[in-house]
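The values are calculated or read from the model by the stated rules, or taken from the named source; none is laboratory data. Predicted model, so just to flag it, every value in this text is computed and none were measured. For neighbour counting, all protein chains shown are included, and Cβ atoms are generated from backbone atoms with ideal geometry for every residue, glycine included.
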Amino acid sequence: MYESRHAVEGFFVKNDGLDTECDWHHIQETNGGFIVLNSKGVIVSCNDEAKLARLALTIQTILPFDRFWLDDESRLFQLSEFKDSIGKEARLLFMDNGVNTHKVKVWADAFWLLGKQYYSLFFQNRLVEQEHVVALSSAKKVQALIDDLNDDLLDLHYQPQINITDNSLHGVEVLARWTNKEFGRVAPDDFIALAEEHELIADLDIWVMSRACRQLALWREQGIHIPTVAVNFSPLTFTYAHLEQKVQAILEENSLLPSDLVIEVTENKSINTSCCFDNTIARIHALGVAISLDDFGTDYSNLKRLLKFPVSQLKLDRSFVSELPNKLSKELSEVVFSICQKIDAVPVAEGVETQQQLSYLSTIGYQIIQGYLLSPPLSREELEYWIANEEHLKVL
């Protein structure tokens, strides 16, 4: 039987929980990390190998259990599970510093000293392939997104939409931005895809809508006039139970009218929608909330949706705008504008970056324009400055 002596809060104790004939000094020289935790998961002792593998950076810190991954079940492995696996071997993945991932075998034991319970953990590890790094990193990022969403740590940016007939502010599109203390600035496409994959997108979309409505109400209290806020909803969000009631409640909480809100339905060909999707949109529209089809023209299902639920606005996809004055892009832009006229929807051109693109769109008849030519997405403070200085009157 394995027997070792190690320091625990100033005392030396004996541990014989491992069926291995070696001693503490031998463990120090092998590819094995040894850690002693108190009942709260705080590290009170560790060997050099544990420090080198970043299993433990220093004593008196919490063991980083957000770095352990149970590969067979594709989930994080928690401290409580070590307590439940006394005398058993656990096979896990461990990310040491956000770069290297190890397969680790862990043996756990429990003992008492002066009336206090402790847990000793012995690790043996080896580096593993890159796909495991991706799996663990993704899991950590998902948990970080959940935590930051719950703690209101995401930011909102606002991109103005201008009516070019009189340079007035038509409204703003609200865009989520995420900067995490560990992962840094995460691209919107990345964390939105992550949210969709892990069924967090409804929570994210509703959070954005709630904060956007709250901000609009605050602006109006301050005398800052912004006609509407437009928020993006994934098709998956429309499967949220009683979504129309949630939308109505958020509007009422902020003393806003349904006409103050635009919901842009984003396109995702990989997501299957059902009749409840169409019915939910119809009920939200019945409240008086404007429904916009985002990226219109990029997929045939866009056209099918015109037959299934009411649409207030069509947004010409930026891929068409970017190719102007290409002949085909101009003709497609004209087709979208014509459809808007026939179904009494407002045409909006987004992604406008050059004066030439603007001129072509204006010639066709587009009046509501959005894009970097007019303004990039702005923080709350930047938008307030932009409005106070009447920048919207200077953009054209």
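The number of residues in the range 337-381 being part of a helix (DSSP H, G or I) and either over 30 Å from the mean Cα position of the chain (by Cα) or modelled with pLDDT under 95 (or both) comes to 17. Give me a count of the residues in the range 363-385 that are over 10 Å from PRO160 (Cβ atoms) and of a type in the set (A, V, I, L, M, F, W, C). Matching residues across the range 363-385 total 3.
Of the strands (runs of 3 or more DSSP E) lying entirely inside the range 120-220, none contains at least 3 residues that are modelled with pLDDT of 95 or more, over 28 Å from GLU382 (Cα atoms) and not basic (Lys, Arg).
On the stretch given as the range 159-174, residues that are of a type outside the set (S, T, N, Q) and either within 25 Å of the chain's Cα centre (by Cα) or under 14 Å from ALA290 (Cβ atoms) (or both) total 6.
The residues of the range 241-280 that are over 21 Å from LEU200 (Cβ atoms) and either surrounded by 14 or more Cβ atoms within 10 Å (Cβ to Cβ) or modelled with pLDDT under 90 (or both), listed by number, are GLN248, LEU251, ASN254, LEU256, PRO258, SER259, ASP260, LEU261, VAL262, CYS275, ASP278, ASN279.
Within the range 359-390, work out how many residues are closer than 27 Å to ALA212 by Cβ and surrounded by 13 or more Cβ atoms within 10 Å (Cβ to Cβ).
Count: 19.
Is it the case, given these coordinates, that PRO310 is surrounded by 15 or more Cβ atoms within 10 Å (Cβ to Cβ), assigned to a loop (DSSP other than H, G, I, E, B) and of a type outside the set (A, V, I, L, M, F, W, C)? Judged against the criteria, PRO310 is a match. Annotation: of all residues in the range 336-358 being at negative phi and touching a helix residue (DSSP H, G or I) at 6+ places or on another chain (Cβ under 6 Å), the one that is surrounded by the most Cβ atoms within 10 Å (Cβ to Cβ) is ALA349.
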